[in-house]
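S.K.: Okay, handing you the structure first.
What follows draws every value from the coordinates through simple rules; no lab data is involved. The model shown is predicted, which means the values in this text are computed figures rather than measured ones.
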């Protein structure tokens, strides 16, 4: 178990990172989230990083990994709330987070997840017809 | 150039990496860095501190607040007695990693710094010095 709580809201999982993460905690969160996606049959994962003062290459890799693993498990990940100074630093660091969807805040993130899931379901229904 | 304050911290575990981030932040705030400049030097410190712990087998960090006329800066010196880096030019390449990382640690930290230097002797350890000025 990681010390970071994972909340379930409908078919989405919500994680709000409120602590300065050491590397083992980041790895534990990655493992916990992957298991919870399967156990809760989650379709969406939202990670709120508004409290994070930095994102270095290790945390960036964790976000990339979570997004990739949730994609394989048929769930969509959105990272929300990145601080402007963190975004500027990430780009200069060379980390583009290409595989990770981002939204400005929790509201926009939920709307993004909803629309992606709904689109996918519509496509499925169309195919089955 | 004057050294206004200095402190030395141990770097053994990933908890120490978190403590280093907090200590560097405090010094950068004290030197009057903007939020973006604080974030850049703290991120660079996090990358190199992790290298010291993961690849150098642990070591120490010296944090110094510098003054050069009206300019203030923060200089970080990471020292370990680990296996050293056999090919520094290769280690500084984006995407090169000897471990399981993204290979952005050294090259990224260099981009986030105004001054950056590595000395390393195979078998004797590595010293990374970086500085950022306000």
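S.K.: Compute the helix-to-body angle for B:35-54: its Cα long axis versus the longest principal axis of chain B, expressed 0 to 90° and rounded to tens.
M.R.: Roughly 30 degrees, rounded to the nearest 10.
S.K.: Let me ask something else about it. With N set to the number of residues, divide the alpha-carbon radius of gyration of the stretch A:71-129 by 2.2 N^0.38 Å and report two decimals. Could the numbers behind the result be given before it?
M.R.: Values: Rg = 14.8 Å, N = 59, 2.2 N^0.38 = 10.4 Å.
Dividing the Cα Rg of the stretch A:71-129 by 2.2 N^0.38 Å gives 1.43.
S.K.: Rounded to a whole number, what is D in µm²/s for chain B from Stokes-Einstein with the Kirkwood radius over alpha-carbon pairs (37 °C, 0.692 mPa s)? Before the final figure, lay out the partial values.
M.R.: On the way: Rh = 14.7 Å.
My calculation gives 224 µm²/s for D.
S.K.: Among the DSSP beta bridges whose two residues both lie in the protein assembly as shown, what percent are antiparallel, rounded to the nearest 5? It would help to have the intermediate numbers written out before the result.
M.R.: On the way: 38 of 51 bridges.
So the antiparallel bridges in the protein assembly as shown amount to around 75 percent.
S.K.: Rounded to whole Å, give me the distance from the Cα center of the stretch B:66-134 to that of the stretch B:28-59.
M.R.: So the two Cα centres are separated by 10 Å.
S.K.: Moving on to the next point. What fraction of the DSSP beta bridges in the stretch A:6-128 is antiparallel, stated in percent and rounded to the nearest 5?
M.R.: Details: 4 of 17 bridges.
Around 25 percent antiparallel, to the nearest 5.
S.K.: Rg(Cα) of the protein assembly as shown divided by 2.2 N^0.38 Å? Before the final figure, lay out the partial values.
M.R.: On the way: Rg = 20.3 Å, N = 263, 2.2 N^0.38 = 18.3 Å.
Expressed relative to 2.2 N^0.38 Å, the Cα Rg reads 1.11.
S.K.: Same structure again: Given a 10 angstrom Cα cut-off, can you work out which residue in A:36, A:24, A:114 is the most mobile in a GNM of chain A?
M.R.: A:24
S.K.: To continue, here is another question. For the stretch A:6-128, with equal point scatterers placed on the C-alpha atoms only and solvent neglected, what are the log10 I(q)/I(0) values from the Debye formula at q = 0.10, 0.11, 0.12 1/Å, to two decimals?
M.R.: -0.29, -0.36, -0.42
S.K.: Given only helices, namely DSSP H runs of n ≥ 4 each adding -39500 (n - 2.57), what is the per-residue ellipticity at 222 nm of the protein assembly as shown, to the nearest 500 deg cm²/dmol?
M.R.: On the way: 8 runs with 114 residues, N = 263.
Per the formula, -14000 deg cm²/dmol.
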